[in-house]
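The values are calculated or read from the model by the stated rules, or taken from the named source; none is laboratory data. Everything numeric here is computed off the predicted structure, so don't read it as measured data. Here the Cβ positions follow ideal geometry from the backbone for every residue, glycine too, while neighbour counts run over all protein chains shown.
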């Protein structure tokens with residue numbers, strides 16, 4: 001992969017972030033608007049996949065990947081990251097409640113949190129790719145970690161998650177925090193002293209929690225492809241649409257009751273796939289894509305049917 005490819009993709013990412021800032025100006029996002037933009041980001045990811053198919057030789061001259069393999073790897077990685085990132089939305093809701101973030105400030109808080117996560121994930125991907133290239137045995141550590149995480153997720157009893165307070169502790173240790181929000185401002189000058197606002201804490205917590213999720217998702221996508229550019233691109237497109245998806249699903253999160261079992265199965269499956277890399281039983285990427293699609297589809301349909309049966313049961317008891 002040439003440096004010009006990464007520079008060009010960085011410019012594209014900045015352009016898309018600027019577009020996201022523009023479309024959420026004013027701070028008011030209706031469900032209809034969020035749904036339209038969620039579809040836009042989803043379609044855009046597949047447009048980018050098409051560009052990989054037709055221009056892979058331009059993106060990565062001399063790559064060992066064929067255009068078809070690169071395209072399938074990107075789509076699989078994107079859908080995997082998108083599926084795993086849905087769990088982030090529950091944590092976002094907890095953060096906003098814990099810090100009493102006003103409704104009209106939430107789009108900007110999510111934006112800055114996503115930007116921070118993009119930067120930190122890019123660093124993690126670069127480090128992870130180097131480690132895997134030099135120390136193949138790390139792949140098995142990643143696999144064991146994913147399988148263990150999947151098992152822990154399956155055993156989760158559904159208690160409300162606690163947001164890690166580490167970012168807040170660090171910020172409060174080195175800066176004075178105002179007693180309330182100052183609209184979208186991260187810092188303000190009060191009584192001649194530079195202070196940070198609670199918005200800074202919220203953004204720090206969002207970025208930190210997203211990186212914690214990345215400890216699961218980035219090893220998972222390395223089981224799909226070890227091409228750093230495809231890993232980075234899948235993460236970028238998955239994160240770009242996360243804000244809009246939050247505002248679509250914020251009122252329906254409690255209805256996806258089979259989400260955690262589905263994510264648990266996916267993580268265990270990807271961990272097994274990682275263990276089998278390079279063996280005669282290696283699982284093709286196309287099969288991984290099919291398993292991912294079927295699992296999430298079944299989880300959504302089963303959740304909808306369960307919700308309907310619960311509604312019908314409650315109506316019958318009235």
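Kindly indicate which of 91, 58, 114 is surrounded by 20 or more Cβ atoms within 10 Å (Cβ to Cβ) and in contact with a helix residue (DSSP H, G or I) (Cβ under 9 Å, 6 or more places away or on another chain).
Values: 91 fails: surrounded by 20 or more Cβ atoms within 10 Å (Cβ to Cβ); 58 fails: surrounded by 20 or more Cβ atoms within 10 Å (Cβ to Cβ).
Within the list 91, 58, 114, the selection yields 114.
I want to confirm something. Restricting to segment 95-111 and keeping residues that are out of contact with any strand residue (DSSP E or B) (no Cβ under 9 Å at 6 or more places or on another chain) and surrounded by 16 or more Cβ atoms within 10 Å (Cβ to Cβ), which single residue is nearest to residue 177 (Cα to Cα)? If we take residues in segment 95-111 being out of contact with any strand residue (DSSP E or B) (no Cβ under 9 Å at 6 or more places or on another chain) and surrounded by 16 or more Cβ atoms within 10 Å (Cβ to Cβ), then 99 is nearest to residue 177 (Cα to Cα). The lone criterion from (1) free of Cβ contacts under 8 Å to residues at least 40 places away in the same chain; (2) assigned to a helix (DSSP H, G or I); (3) surrounded by 11 or more Cβ atoms within 10 Å (Cβ to Cβ); (4) more than 21 Å from the chain's Cα centre (by Cα) left unmet by residue 313 is number (3). Is it true that some residue in segment 159-167 is at pLDDT 75 or above, part of a helix (DSSP H, G or I) and within 22 Å of residue 77 (Cα to Cα)? Within segment 159-167 (the criterion being at pLDDT 75 or above, part of a helix (DSSP H, G or I) and within 22 Å of residue 77 (Cα to Cα)), the answer is no, since none of the residues qualifies.
Within segment 82-108, the only residue that satisfies the criterion of being more than 18 Å from residue 248 (Cα to Cα) and part of a helix (DSSP H, G or I) is 98. Does at least one position in segment 52-62 carry a residue that is out of contact with any strand residue (DSSP E or B) (no Cβ under 9 Å at 6 or more places or on another chain), part of a helix (DSSP H, G or I) and under 23 Å from residue 206 (Cβ atoms)? No: segment 52-62 contains no residue that is out of contact with any strand residue (DSSP E or B) (no Cβ under 9 Å at 6 or more places or on another chain), part of a helix (DSSP H, G or I) and under 23 Å from residue 206 (Cβ atoms). Among the residues making up segment 168-203, those that are in contact (Cβ under 8 Å) with a residue 40 or more places away in the chain and either on the phi < 0 side of the Ramachandran plot or part of a strand (DSSP E or B) (or both) are 181, 184, 186, 198, 199, 201, 202, 203. Restricted to segment 260-277, and to residues there that are surrounded by fewer than 18 Cβ atoms within 10 Å (Cβ to Cβ), touching a residue at least 24 places away in the same chain (Cβ under 8 Å) and over 19 Å from the mean Cα position of the chain (by Cα), the residue that is nearest to residue 142 (Cα to Cα) is 272. I'd like to know if segment 17-26 contains one or more residues that are under 22 Å from the mean Cα position of the chain (by Cα), in a loop (DSSP other than H, G, I, E, B) and either closer than 24 Å to residue 259 by Cβ or in contact (Cβ under 8 Å) with a residue 60 or more places away in the chain (or both). Yes, that holds for at least one residue.
Results for (1) closer than 20 Å to residue 42 by Cβ; (2) modelled with pLDDT under 80; (3) surrounded by fewer than 19 Cβ atoms within 10 Å (Cβ to Cβ), shown as yes or no for each residue.
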position: 219; (1), (2), (3): no, yes, no
position: 281; (1), (2), (3): no, no, yes
position: 301; (1), (2), (3): yes, no, yes
position: 309; (1), (2), (3): no, no, yes
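Residue 243: crowded, with 22+ Cβ neighbours inside 10 Å, within 20 Å of residue 10 (Cα to Cα) and in contact with a helix residue (DSSP H, G or I) (Cβ under 7 Å, 6 or more places away or on another chain), yes or no? Please lay out each step first, then the result.
Details: crowded, with 22+ Cβ neighbours inside 10 Å: yes; within 20 Å of residue 10 (Cα to Cα): yes; in contact with a helix residue (DSSP H, G or I) (Cβ under 7 Å, 6 or more places away or on another chain): yes.
Yes: the conditions hold for residue 243.
For segment 167-193, residues that are touching a helix residue (DSSP H, G or I) at 6+ places or on another chain (Cβ under 9 Å) and closer than 25 Å to residue 103 by Cα total 15.
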